[in-house]
Structures are given as structure tokens and as C-alpha cells.
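Only the coordinates and a few stated rules stand behind these numbers; no lab work does. The model shown is predicted, which means the values in this text are computed figures rather than measured ones. Cβ placement follows ideal geometry from the backbone for every residue including glycine, while neighbour counts extend to all protein chains displayed.
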Amino acid sequence: MESVVNGCIKKKIINFSPGPAKIPEEVLEIAQKELVDFQGHGLSVMEMSHRSKEFESIIFGAEKTVRELLDVPANYKVLFMQGGGAGQFSAVPLNLMRTGTADYLVSGSWSQAAAKEAKKYGTVHLVAPTPEKFGSVPDESEWKFSDNSSYFYHCGNETVHGVELPTTFTSVPGHLPIVADISSSLMSRKFDVSKYGMVFGGAQKNVGCAGVVLGIIREDLFGHARKECPSVLDYKLLDAHTSLYNTPPCFNVYVMGLVLNWIKKHGGLDAMDEMSQRKSSLIYSVIDKSNGFYYNPVDKRYRSRMNVPFRVGGVNGDEELEKRFLQEAGKLHMVQLKGHRSVGGMRASLYNAVTVEETQVLADFMQDFYDRNRV
Ligand code: PMP
């Protein structure tokens with residue numbers, strides 16, 4: 001199975017990677033066409049100064065599209081940063097933990113890592129006990145917030161454990177800024193930015209390639225970074241230089257801009273959300289009808305639309321069956337379905353660029369595999 005992209009042969013595969021993940025083919029085509037000569041300037045984006053007019057139009061254009069897609073209020077700053085999602089695990093407390101304390105919800109390995117990092121800089125108060133096994137979240141009515149907290153931190157979508165939280169909360173005190181790591185759900189659904197203090201997400205899942213992190217921050221929250229905060233992570237400094245304090249990852253910002261345009265062209269966030277619900281329902285439906293042959297450990301209220309982890313052959317998985325599942329899926333050109341090493345089994349990541357048709361291929365294969373292997 002092959003396709004031709006700008007005259008180049010491309011092996012056709014279906015990529016369910018958790019990230020770096022599939023990028024829309026339309027975007028790759030534009031990036032390829034413009035690779036050696038960006039819009040007739042005779043330069044590649046990789047070769048041009050980040051202070052040039054051309055690059056400014058790229059980065060400011062990307063910011064404009066972010067603002068449009070998420071309806072970002074004027075008092076929020078949009079930053080393009082480096083250091084990956086994990087860099088923000090440090091940057092958030094370094095910039096925002098003014099009182100020396102912050103509230104964290106641990107719902108999976110990424111919020112756990114963020115809480116661990118934040119402990120280097122102050123007191124981390126957990127609003128609820130960490131579940132022994134990730135897959136559910138303690139009821140919001142039981143969350144306890146500390147009196148002198150600087151912010152409430154959580155992960156909107158746990159990429160490894162497939163736990164996705166709602167975008168609104170009823171128990172978080174009104175004065176407490178909400179900070180969310182939305183690396184793996186960024187631009188997959190609408191949410192009210194004004195309800196948040198800050199959101200951030202790495203690009204490599206829904207909005208491009210690894211190397212750039214998007215941050216959206218309420219402007220009154222920053223400007224109080226600890227003195228040891230590295231300048232390259234200082235939100236105030238970055239904002240003062242419109243994300244051009246030092247050399248940004250220019251090509252990655254460019255690709256993000258292309259993906260954002262693609263999202264806009266294909267119906268914006270309502271369309272992405274609707275599609276992600278359709279795609280994830282296709283997979284969850286096969287799981288739920290399999291009499292326990294496929295097992296997804298996540299409380300149905302928190303099932304992720306983006307990452308669907310599952311075992312094959314029962315709750316703990318059957319090693320032999322799981323190996324065969326991957327081999328047979330591979331023969332049908334489906335790749336990167338292996339679950340995270342910490343949880344095992346499978347994981348289907350269904351980011352924006354993965355189509356309904358591609359997801360249907362996986363759902364059909366799962367049904368067929370079940371029919372042939374159930375006992
Ligand atoms: N947060 C989430 C939700 C993630 O999925 C990841 C990476 N998969 C990270 C943070 C860390 O991102 P990075 O590897 O870019 O540091």
C-alpha cells in the first residue's frame with residue numbers, strides 16, 4: 001500500500017502513536033513543498049533569522065490562529081516555549097508558586113511527574129489521595145484545597161493511562177488559578193480559557209512536531225518568577241520578547257502554524273471534538289461488547305477520547321495473544337499500538353490527524369480478532 005505525496009512514494013500505514021504522532025498529510029505536503037523555498041523567499045524556514053519579517057509572520061500568524069480557535073481572551077498571553085511538556089513541570093512552579101504552596105491532583109503518570117518536580121520548589125498539597133491504580137479520579141466533592149495555595153494543577157488528559165478530565169470544575173475555589181497540562185488533548189475540544197490561569201501542551205500529539213510547547217497564561221499571574229528561574233523559562237521575559245527572547249524552534253513553530261490552519265480548515269474545534277468522540281466510541285464499543293476479552297481499566301466517566309489503553313485476553317492481558325494482536329495489526333499496516341511500558345497491553349492514540357476511516361480499520365480488526373480468538 002503506497003501513496004504519492006508531491007511525487008514521492010509514501011508507504012501507507014495507519015499510525016496510532018501516542019506522540020510524536022501522526023501529522024495530517026496535507027500539512028506534510030505543504031511543509032515538503034516549502035522546505036527548500038518558503039513562499040518564494042529563496043530560503044527554508046530552517047535557514048531564516050527568527051528576527052526576520054518572514055518568521056515574524058509565521059509565529060504571529062500561529063498565535064492569531066491559536067487565539068481564534070480557542071477564543072483566547074485579550075488578557076491571556078500566548079507563548080511558544082522550549083523544554084517540552086516536562087519543562088513546564090518546572091516552569092509552572094518556578095513562575096507561579098508565589099506562596100510556596102500549590103494544590104495538585106494526581107490522576108496518572110504525567111500529573112504525578114509534575115507534582116514530583118514541583119516539590120523541588122515548594123510544598124505540593126494533593127487535593128485527593130493518589131489512586132493505587134490509575135483509571136479513576138476521586139470524586140470532586142471530596143477534593144480538599146489548601147488555604148495558601150498559588151494554583152490548582154491537573155493533567156487534562158493522561159496520555160499513558162487514558163484518563164481524561166472534564167474541562168470545568170465545581171469544587172475549585174473561585175480565586176484559585178487552574179493550571180492544566182493539556183499536552184495530549186490540546187486543540188481536540190473547546191474549553192473556556194477564561195476559567196483557567198494557564199494551560200500548556202507540547203505540540204507533538206495534536207498540533208505538530210516535538211520541540212515546541214504552547215502556553216496560554218493569564219497575564220496578571222506572571223512577573224513573580226523565583227530568582228533562580230532560568231530566563232528561558234521565565235514567562236514574563238518570554239512574553240516581553242513575544243516568544244523571541246532566544247532562538248525559538250522555528251521550524252516546529254512553522255509546522256504548528258500549518259496544523260492549526262488545517263484544524264481551522266477542517267471545521268475547528270467543534271469538528272475535532274465531534275470526530276474524536278466518534279473515533280473513540282468505535283474502539284470503546286468493541287471493547288465493551290467483547291465480554292472482557294478486551295479490557296480498558298478506566299472509569300467510563302473519565303475515558304479518554306485521545307488515548308485508549310486496553311489489554312487483550314482479559315484484565316491482565318494474555319502475553320501470547322497480545323503479541324499476535326500486534327503482529328496481525330502490523331500486517332494490516334497499523335503501527336505504534338503497543339501500550340506504554342509501565343502499563344503493558346495496547347494503546348490506540350486517536351489524535352486529530354487520525355481519521356475516522358483509519359479508526360474503523362482498527363475497530364474492524366479488533367472485532368475480527370475477537371471473533372477468531374474468543375473462548
Ligand atoms: N504531559 C503529557 C500529558 C504528556 O503526554 C507528555 C509526553 N508524552 C508530557 C507531559 C511530557 O512531554 P515532553 O516529552 O515533551 O517533555
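How many percent of all Cα-Cα pairs in the chain sit more than 27 Å apart? Mind showing how you got there, number by number?
Details: 34841 of 70125 pairs.
Taking all Cα-Cα pairs of the chain, the fraction more than 27 Å apart is 50 percent.
Restrict the search to segment 31-129; then list the GluC sites (Glu not before Pro) that DSSP places in a loop and that have at most 15 other Cβ atoms within 10 Å of their Cβ. Could you put the intermediate results ahead of the total?
Working: sites: 34, 47, 54, 56, 63, 68, 117; in loops: 34.
The qualifying sites: there are none.
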**Prompt:** Where the centroid of each part is defined by its Cα atoms, how far is segment 92-106 from segment 144-198 in Å?
**Reply:** 13
**Complete:** Here Rg/Rh (Cα, Kirkwood) for segment 238-325 equals 1.20
**About the Cα centre, charge dipole magnitude for segment 278-374 (Lys/Arg +1, Asp/Glu -1 at Cβ), debye** = 340
**Fill in**
Shape descriptors of segment 140-278 over alpha-carbon atoms, Rg and Dmax in angstrom, are 16.3, 47
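How compact is segment 268-373 by the rule of thumb for globular proteins, expressed as Cα Rg over 2.2 N^0.38 Å? Walk me through the numbers on the way to the answer.
Working: Rg = 13.0 Å, N = 106, 2.2 N^0.38 = 12.9 Å.
That ratio works out to 1.01.
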**Prompt:** Taking the Cα centre of the chain as the origin and placing charges on Cβ (Lys, Arg +1; Asp, Glu -1), which of 201, 254, 36 is farthest toward the positive end of the dipole?
**Reply:** 201
**Message:** In Å, what Kirkwood hydrodynamic radius results for segment 285-329 from the alpha-carbon pair distances?
**Reply:** 11.1
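By how many nm would the segment from residue 300 to residue 192 grow when fully extended, if each residue of separation counts as 0.36 nm and the alpha-carbon distance is taken off?
Contour length minus Cα-Cα distance gives 36.5 nm.
Would you mind checking 22/195; 195/265; 22/338; 10/331; 133/205; 12/289 for any pair whose Cα atoms are more than 19 angstrom apart?
Numbers: 22/195 30 Å; 195/265 27 Å; 22/338 15 Å; 10/331 17 Å; 133/205 25 Å; 12/289 30 Å.
In this structure, 22/195; 195/265; 133/205; 12/289 lie more than 19 Å apart at Cα.
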**Complete:** Applied in sequence order to segment 19-27, the curve 6.51 cos²θ - 1.76 cosθ + 1.60 (Karplus, θ = phi - 60°) yields integer Hz couplings, x standing for Gly and Pro, of x, x, 10, 4, 10, x, 4, 4, 5
**Asked** In a shell of Cβ-Cβ distance under 9 Å around residue 185, excluding residue 185 itself, what net charge do Lys and Arg (+1) and Asp and Glu (-1) give?
**Response** +2
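Quick check on the exposure proxy: order 361, 255 from fewest to most C-beta atoms within 10 angstrom. Show your work: numbers first, answer last.
Values: 361 16, 255 26.
Taking fewest neighbouring Cβ atoms as first place, the list is 361, 255.
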**Asked** How about segment 203-289: which GluC sites (Glu not before Pro) there lie in a loop by DSSP and see at most 16 other Cβ atoms within 10 Å?
**Response** 228
**Prompt:** Mind checking the dipole of segment 1-142: about its Cα centre, +1 per Lys or Arg Cβ, -1 per Asp or Glu Cβ, Debye to the nearest 20?
**Reply:** 400
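So if I place +1 on the C-beta of Lys and Arg and -1 on the C-beta of Asp and Glu, and nothing else carries charge, what would the dipole magnitude of segment 29-265 be about its Cα centre? I want it in debye, nearest 20. Kindly include the intermediate steps, with their values, before the conclusion.
Numbers: 22 positive and 25 negative charges, 43 e Å.
Dipole magnitude for segment 29-265 comes out near 200 debye.
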